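Participant: My structure is below; once you've seen it, I'll send some questions.
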Amino acid sequence: MGSQTVPQRSGRGLRVVRPFDPWSSPLCTCPFKYSLNPYTGCSIGCLYCYATAYIGVRRSTPKKNLVANILRDLRRIPPTAIINIGTSSDPYPPEEERIRLTRRVLEVLIPLGRRVLVTTKSSLVARDAELLASGNAAVTPTITMIDASWSRIVEPEAPEPRDRIEAVRRLVESGVPVGARVDPVIPYINDDPRELAELVCVLAGAGARFVVTSTYKARPDNLARMRGIEVDGVGERIYRLYKSRGVRVGGYLYLPRALREELLRPVVREARRCGLEYATCREGLTGREWFNSRSCDGSHLIPSRIPVRSAAGTRLDRWIEG
């Protein structure tokens with residue numbers, strides 16, 4: 001069997017485009033897809049980040065020979081596979097404005113008709129709106145809260161919420177399908193029901209078509225960072241809540257189901273009122289109250305605008321990293 005048709009679900013032989021691994025979560029409902037992270041580390045520096053358990057806490061560093069490795073990998077995965085950019089390291093860290101590595105990745109994938117889903121906490125994604133709108137791509141920015149003061153504490157290098165919302169508007173105006181991740185909802189920080197409903201309403205007004213939400217799941221490293229929040233003793237309160245009531249699921253501490261439902265209900269209720277599709281992420285919540293979308297990650301938003309092309313024999317095939 002030729003390498004072009006071998007489904008690489010194990011990831012064997014792939015270099016940078018890897019099968020998405022939901023960390024063995026029994027509650028993951030994502031469709032099968034591939035992940036691609038142009039950078040290692042992540043300069044955004046979210047205190048609640050789960051990925052630091054395996055990528056560490058460090059600034060974003062561009063991967064070497066990335067384009068050449070992507071072109072090799074594309075020959076080994078199904079041509080219509082979903083490629084999710086930014087599953088563990090944000091593809092639009094502050095460094096991207098200068099390095100433009102994610103832009104180069106899109107310049108490879110978009111003309112080839114690959115199905116691309118971009119996940120980011122940065123408003124810089126709007127810079128690439130025209131390119132994204134020209135191909136089979138959708139964007140699901142993460143916007144966790146309206147309150148910029150809390151965002152600066154728990155997402156220190158992320159643009160302010162209003163800037164990310166404006167990026168949604170710019171993407172939509174350019175013709176890019178956009179969903180949004182209201183994720184995670186964290187007790188004592190962004191759990192006010194009125195503010196969550198306001199956020200969903202604002203996202204709908206900006207043109208988002210879909211919302212996915214989930215609660216904060218604690219791991220030892222991110223819980224230690226969250227415990228260090230000194231404002232109003234919030235960090236210690238979060239720590240005590242998860243230590244006293246947390247239930248271990250797939251390597252994480254989850255809050256009890258009833259409390260998770262209470263935290264997420266304002267999001268899905270407002271999404272339903274605004275006519276948005278909605279889903280929950282790794283929560284084990286089923287039924288239309290919690291999930292009325294064709295996918296939980298927003299990959300169903302990816303349009304089919306241009307046909308898939310092979311990288312073999314094209315100008316891209318002869319691309320040499322600078």
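Participant: What number of residues within the stretch 218-251 are closer than 17 Å to CYS49 by Cβ and assigned to a helix (DSSP H, G or I)?
Facilitator: The qualifying residues number 12.
Participant: If you take the residues in the stretch 197-217 that are within 22 Å of TYR50 (Cα to Cα) and of a type outside the set (Gly, Ala, Ser), which one is surrounded by the fewest Cβ atoms within 10 Å (Cβ to Cβ)? If you could, list the steps in order and put the result at the bottom.
Facilitator: Step one: filter the stretch 197-217 for residues within 22 Å of TYR50 (Cα to Cα), giving 211-217.
Applying the additional criterion that residues be of a type outside the set (Gly, Ala, Ser) yields 211-213, 215-217.
Values: VAL211: 29, VAL212: 25, THR213: 26, THR215: 23, TYR216: 28, LYS217: 25.
In this case the residue turns out to be THR215.
Participant: Follow-up question, since we're still on this one. What's the number of the only condition in (1) on the phi > 0 side of the Ramachandran plot; (2) surrounded by 17 or more Cβ atoms within 10 Å (Cβ to Cβ) that ALA138 fails to meet?
Facilitator: The number of the failed condition is (1).
Participant: Among the residues of the stretch 141-154, which ones are of a type outside the set (A, V, I, L, M), surrounded by fewer than 24 Cβ atoms within 10 Å (Cβ to Cβ) and either part of a loop (DSSP other than H, G, I, E, B) or over 14 Å from the mean Cα position of the chain (by Cα) (or both)? Break it down stepwise before answering.
Facilitator: Pass one, the stretch 141-154, residues of a type outside the set (A, V, I, L, M): 141-142, 144, 147, 149-152.
Cutting the leftovers down to surrounded by fewer than 24 Cβ atoms within 10 Å (Cβ to Cβ) gives us 142, 147, 149-152.
ASP147, SER149, TRP150, SER151, ARG152, listed by residue number.
Participant: Going through GLU157, GLU130 one at a time, which residue ends up being in a helix (DSSP H, G or I), among the acidic types (Asp, Glu), at pLDDT 95 or above and out of contact with any Asp or Glu (no Cβ under 7 Å at 6 or more places or on another chain)? Explain how you work it out, then say what you get.
Facilitator: Details: GLU157 fails: in a helix (DSSP H, G or I).
Answer to the selection: GLU130.
Participant: Any idea how many residues of the stretch 281-303 are hydroxyl-bearing (Ser, Thr, Tyr), assigned to a loop (DSSP other than H, G, I, E, B) and surrounded by 14 or more Cβ atoms within 10 Å (Cβ to Cβ)?
Facilitator: Step one: list which residues in the stretch 281-303 are hydroxyl-bearing (Ser, Thr, Tyr), which gives 286, 293, 295, 299.
The next check asks that each one be assigned to a loop (DSSP other than H, G, I, E, B); those that pass are 286, 293, 295.
Right, trim to surrounded by 14 or more Cβ atoms within 10 Å (Cβ to Cβ) and you get 293, 295.
Total satisfying the criteria: 2.
Participant: Can you tell me how many residues in the stretch 28-64 are surrounded by fewer than 17 Cβ atoms within 10 Å (Cβ to Cβ) and in a loop (DSSP other than H, G, I, E, B)?
Facilitator: Going through the stretch 28-64 one residue at a time, the tally reaches 8.
Participant: Output the residues belonging to the stretch 186-212 that are assigned to a helix (DSSP H, G or I), over 26 Å from GLU236 (Cα atoms) and either touching a residue at least 24 places away in the same chain (Cβ under 8 Å) or polar (S, T, N, Q) (or both). Walk me through how you get there before you give the answer.
Facilitator: Taking the stretch 186-212 and keeping what is assigned to a helix (DSSP H, G or I), we get 193-206.
Imposing the further condition that a residue be over 26 Å from GLU236 (Cα atoms) reduces the set to 197-206.
ALA197, GLU198, LEU199, VAL200, CYS201, VAL202, LEU203, ALA204, ALA206, listed by residue number.
Participant: Just wondering, is there one or more residues in the stretch 267-289 that are closer than 29 Å to LEU47 by Cα and without any contact (Cβ under 8 Å) to a residue 24 or more places away in the chain?
Facilitator: Checking the stretch 267-289: at least one residue is closer than 29 Å to LEU47 by Cα and without any contact (Cβ under 8 Å) to a residue 24 or more places away in the chain.
Participant: Considering ALA138, ALA180, which residue is under 26 Å from LEU259 (Cα atoms), assigned to a strand (DSSP E or B) and either under 16 Å from the mean Cα position of the chain (by Cα) or among the hydrophobic types (A, V, I, L, M, F, W, C) (or both)? Let's see the steps before the verdict.
Facilitator: Values: ALA138 fails: under 26 Å from LEU259 (Cα atoms).
Answer to the selection: ALA180.
Participant: State which residue is surrounded by the most Cβ atoms within 10 Å (Cβ to Cβ) when the search covers only the stretch 101-117 and only residues that are assigned to a strand (DSSP E or B) and touching a Ser or Thr at 6+ places or on another chain (Cβ under 7 Å). If you could, list the steps in order and put the result at the bottom.
Facilitator: Narrowing the stretch 101-117 to residues assigned to a strand (DSSP E or B): 115-117.
Then drop every residue that is not touching a Ser or Thr at 6+ places or on another chain (Cβ under 7 Å), which leaves 115, 117.
Working: ARG115: 23, LEU117: 27.
Among those that are assigned to a strand (DSSP E or B) and touching a Ser or Thr at 6+ places or on another chain (Cβ under 7 Å), it is LEU117.
Participant: Sticking with this structure for a sec: Go through the stretch 135-185 and count every residue that is over 16 Å from ALA204 (Cβ atoms), in contact (Cβ under 8 Å) with a residue 24 or more places away in the chain and among the acidic types (Asp, Glu).
Facilitator: Residues in the stretch 135-185 being over 16 Å from ALA204 (Cβ atoms), in contact (Cβ under 8 Å) with a residue 24 or more places away in the chain and among the acidic types (Asp, Glu): 5 in total.
Participant: On to the next question. Out of the residues in the stretch 220-261 that are closer than 29 Å to ASN292 by Cβ and of a type in the set (Val, Ile, Thr), which is surrounded by the fewest Cβ atoms within 10 Å (Cβ to Cβ)?
Facilitator: VAL247
Participant: Please verify whether the stretch 252-262 includes one or more residues that are aliphatic (A, V, I, L, M), touching a residue at least 60 places away in the same chain (Cβ under 8 Å) and assigned to a loop (DSSP other than H, G, I, E, B).
Facilitator: Yes: one or more hits.
Participant: Can you find even one residue in the stretch 262-270 that is closer than 18 Å to ALA204 by Cα and surrounded by fewer than 19 Cβ atoms within 10 Å (Cβ to Cβ)?
Facilitator: yes
Participant: Can you tell me which of (1) over 20 Å from the mean Cα position of the chain (by Cα); (2) buried (at least 21 other Cβ atoms within 10 Å of the Cβ); (3) not small (Gly, Ala, Ser) is the one TYR278 doesn't meet?
Facilitator: All conditions are met except number (1).
The values are calculated or read from the model by the stated rules, or taken from the named source; none is laboratory data. Note that this is a predicted model, so its numbers are computed, not measured. Neighbour counts run over all protein chains shown; Cβ positions are idealised from the backbone, glycine included.
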